[in-house]
Amino acid sequence: MTCNYLAIGINLHLQIFSLIIAIAIFITILNLIRKEYLEIRYSIVWLVIISSIVVVTIYPKILCFIANILGIGLVVNTLFFISLIVIMMLVFGLTLHFSKQARAIRKLTQRIAILEQEITKLNERSRN
């Protein structure tokens, strides 16, 4: 299956606009890291995604190459397919993280309940 390289021609204005938006998001992520609103381990994924967008914007033939490897006829379908996979990976990662946080919260809640019960018992003993 071959891909028509002319079919992926991107308007120069659209390329420039995409680069400006990607660079603005990249700078925003770096500022959020610097201000400690966003942890580095969570921001790496976003920095990789933004960097990939920049590379594809500068070299749009990469999508055609990927389409040929995957056997996808249209470049736009390749873009949607890759986007869907990335979104699914992000959602799965967030689901794992939220599950871990829920377990930690449940354990902490149980520990607090046990400590409160022990404090209540100690207060009752001290009154007697």
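So if R0 is 35 Å, what FRET efficiency would Ile53 and Ile112 give, r being the distance between their Cβ atoms, rounded to the nearest 0.05? E(calc), rounded to 0.05, equals 0.20. Calculated mean residue ellipticity at 222 nm for the chain: -29000 deg cm²/dmol, from DSSP H runs with n ≥ 4 weighted as -39500 (n - 2.57), summed, divided by the residue count and rounded to 500.
Given +1 at the Cβ of Lys and Arg, -1 at the Cβ of Asp and Glu and no other charges, the dipole of the stretch 5-127 around its Cα centre is 540 debye to the nearest 20. Taking DSSP loops as anything outside H, G, I, E and B, show the longest stretch in the chain free of GluC sites (Glu not before Pro) there with at most 12 other beta carbons within 10 Å. Longest site-free region, per DSSP loop and neighbour criteria: 40-128. Its Cα gyration tensor gives the chain an equivalent ellipsoid; the semi-axes, largest first and in whole Å, are 52, 19, 8.
The length gained on full extension between Val76 and Tyr42, counted as 0.36 nm times the residue separation minus their Cα-Cα distance, comes to 9.4 nm. A straight chain from Leu94 to Leu19 at 0.36 nm per residue would run longer than the Cα-Cα distance by 24.3 nm. Using only the alpha-carbon atoms, how far is helix 75-127 inclined from the longest principal axis of the chain? Give it as 0 to 90 degrees, nearest 10. The angle comes out at about 10 degrees.
Read-outs throughout are calculated quantities, based only on the coordinates presented, and are distinct from any laboratory measurement. The structure presented is a predicted model; accordingly, all values stated were derived computationally and were not measured. Note that each Cβ is placed from the backbone with ideal geometry, even for glycine, and that neighbours are counted across all protein chains shown.
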